[in-house]
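Presented below is the structure to which this report refers.
Each reported figure results from applying straightforward, stated rules to the coordinates on display, with no laboratory input. This structure is a prediction, so every number in the text was calculated from the model and none was measured. Don't worry about glycine lacking a Cβ; one is built from the backbone with ideal geometry, like all the others, and counts go over all protein chains shown.
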Amino acid sequence: MSKDTRTWHHGLVARWWAEFAEGGDDADYFHGAAARCGEPVLDLGCGTGRVLLPLLRAGIDIDGTDASADMLMWCQDAAQAEGLSVDLYQQAMHELDLPRRYRMAYMCGAFGIGGTREQDLEGLRRIRKLLQPGGQLFLDHYLPNIENPKLWDYWANEPALPRHWPSAGDRRQAQDGTELELRTRVKDIDPLEQTISMEMRASHIVDGEETEVETNAIDIVLYFKSEIELMLRVAGFTDISIHAFAQDRAPLPWQDKRIVFRASSPAHDGR
């Protein structure tokens with residue numbers, strides 16, 4: 001993982017994603033986008049392959065990148081178990097440097113995770129350079145004021161941070177019969193910079209006893225619609241449109257929690 005990227009997506013958390021995160025409407029949506037835009041396709045922040053693997057199974061020519069070596073290990077193992085071949089690259093988005101260019105790239109739930117605004121802008125620039133002339137980027141995003149309204153209490157009330165750990169977490173049974181549990185809390189928040197730091201406590205539980213515990217933090221930059229739109233323009237993208245997820249609806253209703261930015265690399269891209 002890049003020393004400049006801080007996320008919790010490794011160790012037991014990576015295993016959690018591999019065990020419990022499968023498919024979803026995202027896979028259908030990005031599969032349809034790939035069918036319209038063409039191949040090859042790049043999954044940015046592919047993780048353990050929740051979206052990448054269904055596209056790979058469907059015969060899409062697709063590569064994946066992620067900052068976490070552990071997430072990529074689980075993704076590669078899952079692909080190989082099915083006799084599938086995929087090229088995966090351990091690179092943060094602001095460090096992207098890949099050997100080929102793509103007709104389409106998509107980023108699913110990864111923008112603003114683990115870095116800074118400067119790194120996010122550099123990541124968009126590098127993504128644009130990895131696209132073929134006229135290539136398409138699909139970037140989905142949850143608006144911070146709607147996804148988790150309780151966070152906005154922190155802006156107004158200035159609570160003591162970090163928050164206490166919850167008394168119980170999300171505990172699930174793994175394939176080997178043991179259990180994994182995740183607990184999260186807010187560690188710090190900066191209203192002026194629109195950034196938040198969260199901590200996750202991941203536990204491996206065998207016969208009711210914790211045998212491993214890992215605690216890691218993640219930095220998140222909170223972006224609104226117009227900020228991302230401006231960053232895409234500064235990064236050199238054109239023909240930017242914004243839609244509700246999985247819909248081509250305009251104007252965009254303010255109640256939509258999840259939006260998708262679609263942007264093009266210039267048709268005559270001088271890189």
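Results, tabulated for the structure shown:
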| read-out | value |
| --- | --- |
| Residue-averaged [θ]222 nm for the chain, counting only DSSP H segments that reach four residues, each worth -39500 (n - 2.57) | -8000 deg cm²/dmol |
| Mean separation of Cα contacts under 8 Å (6+ apart) over length of region 7-140, as relative contact order % | 26 percent |
| Relative contact order of the chain, pairs being alpha-carbon contacts under 8 Å that are 6 or more residues apart, as % | 19 percent |
| Which labelled figure in (i) 74, 45, 31; (ii) 58, 51, 35; (iii) 53, 38, 31 is Cα extents along the principal axes in Å, once derived from the coordinates | (ii) |
| DSSP-defined beta bridges in the chain - what % are antiparallel, rounded to 5 | 70 percent |
| For region 21-114, size of Cβ-based charge dipole, Lys and Arg +1, Asp and Glu -1, in debye | 300 debye |
| Selection from 48, 14, 124, by position along the positive dipole direction of the chain (Cβ) | 124 |
| Mean separation of Cα contacts under 8 Å, 6 or more apart, over the residue count of region 147-220: relative contact order % | 22 percent |
